[in-house]
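Comments concern the structure below.
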Amino acid sequence: MKKKVLFVAALFIGATAFAQDGLTSKKGEAFLPEAGDFALGFDGAPFVNYFGNLANGTSGNSLSFNNMYNTFYGKMFKDENTAYRGMVRIGMSSSSSDAYSGGTNGDSLLTTTKTSNGFTFIVGAGLEKRRGAGRLQGVYGAQLMFGMIGATSTTMEYEEVIDATNPIVSRLLENNPGSTMTFGLNGFAGVEYFILPKFSLGAEVNWGLGYNSTGEGEVITE
């Protein structure tokens, strides 16, 4: 049996691609997994949201290099119905905006620039079981997850100066909330359908318990 490593996509948990004797296409290509197979996939929800929002003038469309997240996973099949799986979730956000106001004498426009950045990094490992008939397969199992969620930090830059003629009491320069360490145990259940040999789409629901610990933050004003 030749082991295969395959790249695939999914609607939520990801897509999988495998080989197995038994269920085959008209060309003799196998659909389902067997012992020793590997699979690689990613969460396709951000892409589905992006293209879906094209119909409403991109309202709520968050897919960009400045505001991006995704979950990637891998599986190794112990047998046709059991797989060890690992995952990594990576999230990044970045935004910058300018606000304009009248100058001290009302004769010029002064700029206030607000910059925000955040990140998420979570890893997990677990066990997956599957049952089904034909191309439609039900999946369920559990996984441990651990990671770091960086709260969104904000930096403010002002053209307007503070002096005797413009006595501002206080204004924000930086807001750096503490990052959160997270640990959890999740159960999951879903379905996977092989639309082509060695290619499937799936949907999955996760539920679990978690523990979060948030560190101290810092606020700087002038």
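None of the figures in this text is laboratory data; all of them are computed from the coordinates on show. Quick caveat, the model's predicted, so the values are computed rather than measured. Here Cβ is always computed from backbone atoms with ideal geometry, including for glycine, and neighbour counts include all displayed protein chains.
Per-structure values
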{"quantity": "Size of charge dipole - the range 112-183 - debye, nearest 20, with Cβ of Lys, Arg +1 and Asp, Glu -1, no other charges", "calculated": "960 debye"}
{"quantity": "Length released on extending from Leu109 to Thr165, taking residue separation times 0.36 nm less the Cα-Cα span", "calculated": "18.5 nm"}
{"quantity": "For the range 111-222: rounded, prolate or oblate by the Cα gyration tensor [a/c cutoff 1.5]", "calculated": "prolate"}
{"quantity": "Residue pairs, from the table Lys78/Lys198; Lys78/Lys129; Lys26/Lys198; Lys26/Lys75, whose Cα atoms sit over 21 Å apart", "calculated": "Lys26/Lys75"}
